[in-house]
Structures are given as structure tokens and as C-alpha cells.
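No lab work stands behind these numbers, since they all come straight from the coordinates. Model, not experiment: these values are computed from the prediction. When we count neighbours, we look across all protein chains shown, and the Cβ atoms used for this are built from the backbone with ideal geometry, even at glycine.
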Amino acid sequence: MSDAERPTDDHVPGDDEFDPIEVFPEADEMDLRPGADNCYKCSTCDTNCPVAEVDDEFPGPKFQGPEQWRLKRQSDQDVDASIMKCSNCMRCDHACPSEVPLSQMHNSARGEYVEERMSKRSLEYWRNRLLSNYRLMAHLGSKVPRLTNFVMGLTLTSVFNEKVLGIAGEREFPEFATETFREWWRARGGHEVSRERAEAARDRRGESGADKKIAYFHGCYSNYNTPEVGKALVRVYEHFGYEVVVPEQRCSGTPMFANGMLDDARRAADTNVPELAAAIEDGADVIASCTSCSMSLRQEYPELFDIDGVDDVSSNTWEGLEYLRVHEDLEGELAGTRADVPNLAYHTPCHARNQGLDGQAIEVLTTIDGVEAQDVGESCSGISGTYGWKEEHYETSMQIGEEMFEHMERADGDTGLTECPTCAMQMEHGTGYEIKHPLEVLEAALVPDSPETARATTDGGVDEVGEAGRRDEVRGSDREGGTDEADREDRTDEADHEDRTGRPDREGQNEPSGAN
Amino acid sequence: MAITDDVFVIGGGLAGATAALAAAERGVQVRLLSYKQSTLRHASGLIDVLGYAPDGQGPLADPFDALESLPVGHPYERVGGDSVREALLFFDAIAGDTYAGEHTDANALVPTSSGAIKPTARYPAGVAPGVASDPSDALLVGFETLPEFDAPLAAAHLEDTGAPFEARGVTLSFPGIRRDDAKVTRYAHLLDRDEAVDIGRGETFARAALAAIVRDQLEGESRVGFPPILGDDNHATVRRDLEERLGVDVFEVPSGPPSLPGMRLEDRLYDALEDAGVRVTTGVPVVDYEGVESGRSGSNSRRIEHVLVDRKGQDVPYRADEYVLATGGLVGKGVRSDRERVFEPIFDCHVEASPDRYDWFDGDAFGDHPFARFGVTVDRELRPLDAEGDLEFANLRAAGAVLSGYDFAAEKSGSGVSLATGFVAGDRAGSEVRG
């Protein structure tokens, strides 16, 4: 984008075509010069890089960022292949005392490397593309979750993955849920039911006035693998009187950035930004349960993409606990509640730390009676999304994670707690612990009778909702109804699918939703 | 809802951490917020109190003698000599056996990586066997891949300085590191975990391999100095292990950034913060505040109601009764400048500076630069003052490099001022909450 403005004082009559002189040759790229110039080479970033600490072949974030950027001004310098060793944990952003946008520099360098230097016919490229487009895999896999889980668990599959694709054989693929979050959401009645429940909750809480509304960005993992996290979010927010909408969405882009697949990330963002911006326009704030998703929407989107509404999305996106803590009296609400959960060993994901969320889960959750949670320190888990899945990075990933595993084992609890799904995989992989999400603990304290079947049979909650629903029908008629939303969701998934296979596949036909 | 605590400390360096710990001693709920990692990572890890007087006299044998004659407005003059002593005692309790020097008021003389000698009040235990007052001969060991520490050059400088011992320097190849620009954390990690390293004729463990090549170089010296890379979490074990293998004392020679001794001190402080129940938030900056008028203290009654923290686009309110500003100086960006002015970016506290920016520095690179003393002016309670000398806010105190009136680089007083003012600011803030 050029900053050149049309000059006002040299209009030649009859000459409407003004052709500005291009002063800066890279004017259509991101201008990273101010960032590069801010670097005074203190090397604080290098001392925070978990990869450089265990791999002396990695030149570190200072080189990957400002130094490489400067080198590239000189001649036809290529981006160094070592950029692919960067795991995009973004700890260097957090470290830099001089406001150098290191991860932005790494993301753009990685994008350029993949675009210009990685063969599009190489297995590495397609392996990376496969890993970073997890949503597509998951979308197909979750159609037949049991078969997929069975196949992915086979030794043969693991050998094939490692030998042919370069996916670490030591890793176990996460199981697909038999019912995705979106399937559950639709079966439950979508937005319409949520609005009823939220209204009932507001009545119960004696809250009048403006509607409270959030748009849930569930991301891929809580949709396909851990829908219990998404359900917990919905129930907790409804408990506080928020109606939940679940807009159309694709991957947040986090794994794509880390693999230099900026075009794929851009395509996903082209869906996410307008959808979320529309929800914001409609009065909702955007809530993510995965801290890498919220990081992407808040920081990486505006840094890398120039899309209408991208700043709106960035400045209205929140993490699940964070939003409640700022907008509700969360600690007051939790005082006197109880949750019977095992002792927890909490790990702060690097991306959560960069959003100022370190300590939050412990500060909030330990106000609940029966919750004991211990912070296992500031080390990186080492998996960094798809990074630790690659055969060539598996060792590095486990060496980085070693410190966290040790701290987890030293902690009192033998259940893990974290916001990030891939950190959770690494925690489980390294310790064998079961891993929970803070929202699940919140749900246990605030909505203990949450499984809806239990609610329907025990406390007559259905009647209550039913009444609220009837009241709402009148008002709801002139607004966008839940049915529309559900229809639209179906269309997205189909469209998305059609996109890739050229043939529509009717959602729900292969897998009766929610029935098993 | 604002996120609420009793005391809110802005800045996570030595001053901020000390302030938070001192406030927590008063039994109140403290939160410390650090935007970026602190300049402790640049720091040598030495705790200087005063090495040279503001007029350049020195090196000073006893910093406490000189405290009495400091000019009005110097941070030590603001808090008083007793507070400096109290703050050092407070530090000694936190540092425990990881630091030395508490047995005397006198400055120790510590050799640094350039072969210069630095007067300092407290120093890491791993630096202790290297002090310049010890007459025993020393071998300095540098590594080809760590050019920041040129051991033969440092040894020659030490001789020139008139150190009372023979120093000799050798440059070796660090076992297991091939890359020219491996990070200091990589060296430390190898030794911390005693990883297997390839030394050309098979694998051995890092510490044994290092001891073996250094042993070959010893010519009767009774101590060996290394660049400060001897482990991170397990530093004490690494050093003891090398001492046992070599049969001589082993010490580190403090150097410039990035500095493991600074990082180890940071770890120690953050462990203490966790033990004290201080809540720590990092990675996000305080960008603004909301002030209120209150009738509490007469005419100077403006108070900070809450501050706003930018969490990647969202301004989240954090509220406390008392606030401590410990955001650092020009390097830490607690004091900033543009072409027109010098300013404190969060509360816009008054910073005294000439309107003509050509007056901000001296023509001589090593001259007496006014910019070195830029910062906020405070009363004896460390509360920032406006241009008229009135309180900026009744519930704000400042500590560390954000303060005006001292040139830490020339005086060698950086850590001592951070400790003393951090301690006083935190202690007053905590006791104010307690009422």
C-alpha cells in the first residue's frame, strides 16, 4: 500500500490520470523498517527463544527478524531455510524491550520462504499443508469419527505417517468427538434456544436493560475434538445471561502462519472477518476459548491482512474467562461455589501470556471451593501447534517440553489445566495426565447440573425454558431466528466441503447428529 | 468490573519487583504488571550502591560514607541513608546464599569482561571467588564462539589496572557447540542438564568435557574465571561440579547483555513474588489511567482511580488503592522523548528538560550528559511532583530508573537506587493501604 497521496497543486487541465512516482520500491509490501530500526541488538529475544536454547543450529529470533530483513534490502538475498525451525511461539514478541514486531517479521519471512523457495511438489510442503489445514482433515474425519479414530490409532497408519509424510510416529492423533460442537449446537436449537435461556437467566438474575450477546469463535479443536469445552462456554455464558451466536467460521490461521501458508490463512480470514464483524455490528463481542485463536484474531490478523473490519474484530475479541472477569463480577459470583475437581497443574500457553492472561486461570479458579491449582512455571510446552507433530522437530519439541513435564510432575495435582488445545496434547503426551480447560472448571462450579439431559429430568428446567421461549417467539419474529442461523451453518459446511471436493456432501447424512 | 488489588506496581525490573515484595510484606494484595521483559536481562547481576560520587570521585571504598553528601534531588538523598541500608537487608533476605558481600559496608572490586574493575556492594556467589582484592593468580577462559569475552585481552587489562595477582587468558573451543552464534542460553542449557556432547572422538558429558579441556590449561593458578554461562536453573551445581573436577575455585566474570546473572536474579525475584502471593501480569502495557478528585489530602487531591491495560486491542481496567511507577528510564522506555519534549508516557508526570533538545546532551561522548538524569522529580515519599512542585497524584509513587537526579552509568548506582527506592515506594504504598 502506498502512502502517496494525490498532490493538490499540480493538476493539469484535461489530465485526469495521475500516476504517482513510486518512491519506495517495496511500497506494496508491509513496511517493517521502523520495527527493524528499533532493534538495538540486546538479544533479549534470543535468550527467550525455546528453540535456540535446545538447538544451536537455529540462529534465533533476532536473526530471523530484523537482521534477515536488513540483509534482504541489500541484494537478491533469499530468506534462510532456518526460518522453518521457528515454532511461532511468539515469546520473542513478549521479550523485546524495544517494540520490534518480531513475530510479524517471522510470519512474513516464512510466508515468503514457502512461496518462493519451498517446492510445491515436495512432501514437506504437502505435509505442512495437511497439518495446517487441520480443519479440512477434521471435517472429513468427523463424518465417521469411530472409523477415523480406529484408523488413526493403527500402527500401520503411524508408520505411514512417519515414513511417508514425516509426521512424528510418537504422537497419537487426537480423537474426534462422535458429535461435533456445531452438531450439538444445532440439535440443541441454535441461537433461538440460547436467546431463550439467556433471557431466562437475566430474569432470574434480576437484570433488566440491554441484551447481552456474544459470538463464539470455537475454532477447529473444540468443534471436532473437545466439544465439551464449547458446551461449557455456552452454558457458562448463558448462566450470566448472554445469548450466544455461533457465526460461520474457518480456521483462525494459527497453524497456517506457523507453516508459512499465508494464502490459506488469508482465505480463512476472508470468511472469519466479515462474519465476526457482522456479529459485532449486531451487538455481540467475539469470544474464543482457544488462546491461539484469540491471539490470531487480535494480533496477527491486523498485522498481516488488510481486510475490511479487521480492526473491529481485533478490538472486540476476548478470551473466555477474560471477558467475564471484566464484564461481570466473576469472582463475586464464584465466591461460595464449589467444584469437585482433582488438584490441577496449570500451564500458561505462550500465546496466552502475550495477551496478559498469565495467572488469570489460577486467580479466578482458586476462588472456587474445592479447586486447588498450581502454576507450573513459565516454560514453553514445546509443541507450538503443528511444530511438534513434524518428525524433524519432534525431538526439539520434547526437549523444550522437558522443563514443563518436570514441573507438572512436581506439582501436587495430577490433572493438567490449560487454555490451548495443542499445549494440552503436549502435556498429556509428556505426563499421561488428563487435561482440562478452565471453562470446564467454571462450568462445574456455576452450572453443576449442566448436562441437559440431567436438567430436563431432574429440575424441570425444560418448562422454564419453554416458557421463556414462548415469550420470546413474539419478539423473535422480526429478528434473525435460530433456524435461519442453523440453516446458514449447514450451508457453510457444505460450501466449504464442496469447495474442496467439487461435490456437495449433505451434512448429517453420514452421521446422525447427536444420536450416538 | 475492574480487576482489583490493593497495590498495583507497573514495571517488572529490580525496582518494580522490590516494590511489590515490600508492599506484600505489609499483608496487602499486590499485582505487578510488566509489559516487556525487564532490563534485568541486560544487567550484570551486580548490585552496585555507589561506585563513584556524582562529581566523579572514586572508586569509592565505602558507598555509605558518600551517601550523606549527595545533592538534593538525588534518589538516595530523597529516601535517606537508613532506607538504603534497610533495602539492602531486604535484598539479602531475598537473595539468600546466591549473593555475597553483605559482611561489610565496603565496596568489593569485581573484574568485568573487559578487564576493568567495578566497585560494587553485592555480587552473585558465583562471582565471589573472582574479586580483585584476592591475591591468588587466576586463569581466565574464553571461548572462540563467544567473542564478547576476550580472555587474553581481559587478563592483560587486569594486569594494567594493577590487580594484585597474575592473570592469564586462554581461548578454547566449547565442547559440543559448533555454531558461531549459539545463544548464551544454549551454553547454559548444555551445562544445566549436563547433556551429552560430541567432542570428535565420541560422546561425553558437557561438564566433564569442559573440565577436561580447562584442566590441560592450568599452570598452577588456584582459580578459573569463565564468561557467565555456567548454567541457569542449576548454576550452583554446575559451578560446584566444575570446581570438584578442576580442584580449583571457579568464578564467572560478569559481562554485558544478554546476561545470565541478570536472568538468574530475575528468576530469584519472581520466585519470591510467587511465594509472597503477588499476582503477576506480563506481556501487556498500561496505556492510560482514569483520575478522580478526592478531598482526602487538601489541595493536592488528585488520585488515580484505575489504570487501563491494553490487552492487544482491549483496554482492561485494573484498580488499586496505591500505585507504583517503576517503568525504567530511557532504555526501559519509562521515560521517552520526541523532538519537542521529554515525557513520562503513562501518567504524563512532569519531566524537567530544556525545551531545546540540543541542550539534552554534551558534545563529548563521555561527557556529563543531562539526558542521563532525565526522569520524574519526587518528594521524600517518592511521589512525583508537577512543574510547580505539587503532587501529581496522592496515590502514586515512583521508583528506579524513571526517577530523575542521578546518572547510574557514571555513578555505578543503578541497582542500589532501584532497590532503595523500590523498597521505600512499595513499603509506603503497602502501609498506606493498611491505614
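Taking a straight line from the alpha carbon of A:Lys85, these lysines sit under 17 Å away, with near neighbours fewer than eight places off in the same chain left out: A:Lys62, A:Lys390, B:Lys183. Projected onto planes of every orientation and averaged, the convex hull of the alpha-carbon atoms in segment A:110-252 covers 11.1 nm².
Put one equal scatterer on each alpha carbon of segment B:40-89, apply the Debye formula with no solvent term, and list log10 I(q)/I(0) at q = 0.20 1/Å to two decimals. Those come out to -0.76, one per q.
Normalised radius of gyration (Cα atoms, divided by 2.2 N^0.38 Å) for chain B: 1.04.
If the only charges are +1 at each Lys and Arg Cβ and -1 at each Asp and Glu Cβ, what is the size of the charge dipole of segment A:102-159 around the Cα centre, to the nearest 20 debye? Before the final figure, lay out the partial values.
Details: 9 positive and 4 negative charges, 52 e Å.
In debye, rounded to 20, segment A:102-159 gives about 260.
Between A:Asp308 and B:Ser354, take the C-beta separation as r, use R0 = 51 Å, and let me know the FRET efficiency to the nearest 0.05. For R0 = 51 Å, the calculated efficiency reads 0.65.
Rank these for me by crowding, B:Tyr76, A:Tyr242, going from fewest to most other beta carbons within 10 Å.
Values: B:Tyr76 26, A:Tyr242 29.
Going from least to most buried by this count: B:Tyr76, A:Tyr242.
Computed from the Cα positions only, the extents of segment B:266-415 along the three principal axes stand at 46, 42, 34 Å, in decreasing order. Within the protein assembly as shown, DSSP assigns beta bridges of which about 35% are antiparallel (rounded to the nearest 5).
If you take the alpha carbon radius of gyration of segment B:329-435 and divide it by 2.2 N^0.38 Å, what ratio comes out, to two decimals? Each step should come with its number before you reach the end.
Working: Rg = 14.4 Å, N = 107, 2.2 N^0.38 = 13.0 Å.
The value comes to 1.11.
In terms of surrounding Cβ atoms within a 10 Å radius of their Cβ, A:His351, A:His106 rank from fewest to most as A:His106, A:His351.
The alpha-carbon positions of segment A:327-460 define a convex hull whose volume is 125 Å³ per residue. Per-residue shielding of B:178-191, expressed as the average number of other chain Cβ atoms within 10 Å of the residue Cβ, stands at 6. Near A:Ser315: Cβ cut-off under 13 Å, other residues only, Lys/Arg at +1 and Asp/Glu at -1. The net charge is -2. Max-minus-min Cα coordinates of segment A:123-165 on each principal axis give 28, 23, 8 Å, with the largest extent listed first. Each part reduced to its alpha carbon centroid, segment B:9-50 and segment B:140-184 end up 32 Å apart. Every Cα-Cα pair of segment A:291-371 was included, and the share exceeding 22 Å stands at 37 percent. Note: relative contact order over segment A:180-328, using C-alpha pairs below 8 Å and six or more positions apart, is 24 percent. Simple point charges give the picture: +1 on the Cβ of Lys and Arg, -1 on the Cβ of Asp and Glu, and for the protein assembly as shown a dipole about the Cα centre of about 1540 debye.
Projected label points at A:Glu175 and B:Asp310, each 7 Å from Cα along the beta carbon direction, are separated by 4.5 nanometres. Applying 1/(1 + (r/R0)^6) with R0 = 35 Å to the Cβ-Cβ distance of A:Glu331 and B:Ala93 gives a FRET efficiency near 0.65. The Cys residues in the protein assembly as shown with no partner Cys Cβ within less than 4.7 Å of their Cβ are A:Cys39, A:Cys42, A:Cys49, A:Cys86, A:Cys96, A:Cys220, A:Cys251, A:Cys380, B:Cys349.
Grouping the Cα pair distances of segment A:180-328 into 10 Å bins from zero gives a pair-distance distribution of 12, 43, 33, 10, 1, 0 percent in increasing distance order.
The charge dipole of segment A:336-451, taken about its Cα centre with unit charges on the Cβ atoms of Lys, Arg (+1), Asp and Glu (-1) only, comes to about 260 debye. P(r) for segment B:128-253, from all Cα pairs and a bin width of 5 Å, is 2, 11, 22, 25, 21, 12, 5, 2, 0 %, short bins first.
Strictly greater than 12 Å: what percent of every Cα pair in segment B:110-157 meets that? Mind showing how you got there, number by number?
Working: 731 of 1128 pairs.
The proportion of pairs with Cα distances above 12 Å equals 65 percent.
Which percent of the Cα-Cα distances in segment A:33-116 go past 20 Å? Can you show the working numbers first?
Working: 864 of 3486 pairs.
Of all Cα-Cα distances in segment A:33-116, 25 percent exceed 20 Å.
Peptide A:376-383 shows a mean partner chain C-beta count of 1 within 10 Å per residue C-beta.
If neighbour count is taken as other Cβ atoms inside 10 Å, put A:Trp318, A:Trp184 in order from fewest to most.
Working: A:Trp318 26, A:Trp184 19.
Ordered by Cβ neighbours within 10 Å, fewest first: A:Trp184, A:Trp318.
Taken over the protein assembly as shown, the convex hull of the Cα atoms encloses 211 Å³ per residue.
Computed from the C-beta positions of B:Asp364 and A:Asp203, the FRET efficiency with R₀ = 56 Å rounds to 0.15.
Go through A:Ala277, B:Gly169, A:Thr155 and say which Cα lies farthest out towards the positive end of the charge dipole of the protein assembly as shown; charges sit on Cβ, +1 for Lys and Arg, -1 for Asp and Glu. With unit charges placed on the Cβ atoms, the residue in question is A:Thr155.
With contacts taken as Cα pairs under 8 Å at a separation of at least 6 residues, chain B carries a relative contact order of 26 percent. With viscosity set to 1.002 mPa s and temperature to 20 °C, compute the Stokes-Einstein D of segment B:205-332, Rh being the Kirkwood radius across alpha carbon pairs; µm²/s, no decimals. After rounding, the answer is 111 µm²/s. Mean Kyte-Doolittle hydropathy of -0.5 or higher plus an axial Cα length of 24 Å or more: which whole DSSP H helices in chain B meet both? Both cut-offs are met by B:414-434.
Take peptide A:44-51, look around each residue's Cβ out to 10 angstrom, count Cβ atoms belonging to other protein chains, and average those counts.
On the way: counts 12, 3, 7, 14, 6, 3, 1, 1.
Shielding by partners across A:44-51 averages 6.
Orientation-averaged projection of segment B:348-392 equals 3.8 nm² [convex hull of Cα atoms, one quarter of hull surface area].
Annotation note: GluC sites (Glu not before Pro) in segment B:20-89 located in DSSP loop regions with a Cβ neighbour count of at most 13 within 10 Å are B:Glu68. In chain B, taking the dipole from charged Cβ atoms about the Cα centre, the farthest positive-side position among B:Leu246, B:Val30, B:Gly126 is held by B:Val30. Once you reduce segment A:223-266 and segment A:276-316 to the center of their Cα atoms, the two points are 12 Å from each other.
Tally Lys and Arg at +1 and Asp and Glu at -1 over the other residues with C-beta under 12 Å from the C-beta of A:Cys39: what net charge comes out? Local charge sum for A:Cys39: 0. Along the axis of the charge dipole computed for the protein assembly as shown (Cβ charges of +1 for Lys and Arg, -1 for Asp and Glu, origin at the Cα centre), the listed residues B:Val197, B:Pro355, A:Ser289 are led at the positive end by B:Val197.
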